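Notes follow the structure.
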Amino acid sequence: MRIAIRSRNHVSTELRHSLERRLRFVLGRFAGRVSRVSVHLAELNKSYGKTTKRCKIVVQLVRSARVCIEDTDADFQKAADRATGRVGQAVERALARRHSAGAHAALMV
């Protein structure tokens, strides 16, 4: 499982390491079925002196399925924590759907 963290803004090394560690923990049980994980960090809406930070996680599963999770907050760390907390559940649901669809197709034969 390859993890790539990208940002156009300055993001601390500590946040990058934290994200990678958390993603490996959350997605570790799916490691054989996850080919790559991309994390995109960006600042949005620079109006009225406030900025919103976005953390978008894209998990590329083996055999072309893709899971995307996105979260925003005033702080990169909070947005990243919420997104990584949700991504494991989303991958589990996607794999369960794919498994049940395969079982359904086998019953139709």
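The values are calculated or read from the model by the stated rules, or taken from the named source; none is laboratory data. Bear in mind that the values here come from a model prediction, so they are computed numbers and not experimental data. Heads up, the Cβs are rebuilt from the backbone with ideal geometry, glycines too, and the neighbour counts pull from every protein chain shown.
Some observations on this one:
- Candidate set: the stretch 45-62, residues that are closer than 20 Å to Arg6 by Cα and of a type in the set (Lys, Arg); chosen: the one farthest from the chain's Cα centre (by Cα): Lys46
- Residues (of a type in the set (Ser, Thr, Tyr) and either free of Cβ contacts under 8 Å to residues at least 40 places away in the same chain or more than 12 Å from Leu27 (Cα to Cα) (or both)) located in the stretch 63-94: Ser64, Thr72
- Within the stretch 9-39, considering residues that are crowded, with 17+ Cβ neighbours inside 10 Å and of a type outside the set (A, V, I, L, M), the one farthest from Ala90 (Cα to Cα): Arg22
- Among the residues listed as Ala94, Ala79, Ala83, Ala42, the single one being surrounded by 15 or more Cβ atoms within 10 Å (Cβ to Cβ), modelled with pLDDT under 95, in contact with a Lys or Arg (Cβ under 9 Å, 6 or more places away or on another chain) and closer than 20 Å to Met1 by Cβ: Ala94
- Scan of the stretch 56-73 for residues that are at pLDDT 90 or above and either in contact with a Lys or Arg (Cβ under 8 Å, 6 or more places away or on another chain) or part of a helix (DSSP H, G or I) (or both), ordered by number: Val58, Val59, Gln60, Leu61, Cys68, Ile69, Glu70, Asp71, Thr72, Asp73
- Residue list for the stretch 18-55, restricted to those being in a helix (DSSP H, G or I) and either farther than 16 Å from Ala83 by Cβ or of a type in the set (A, V, I, L, M, F, W, C) (or both): Leu19, Leu23, Phe25, Val26, Leu27, Gly28, Arg29, Phe30, Ala31, Gly32, Arg33
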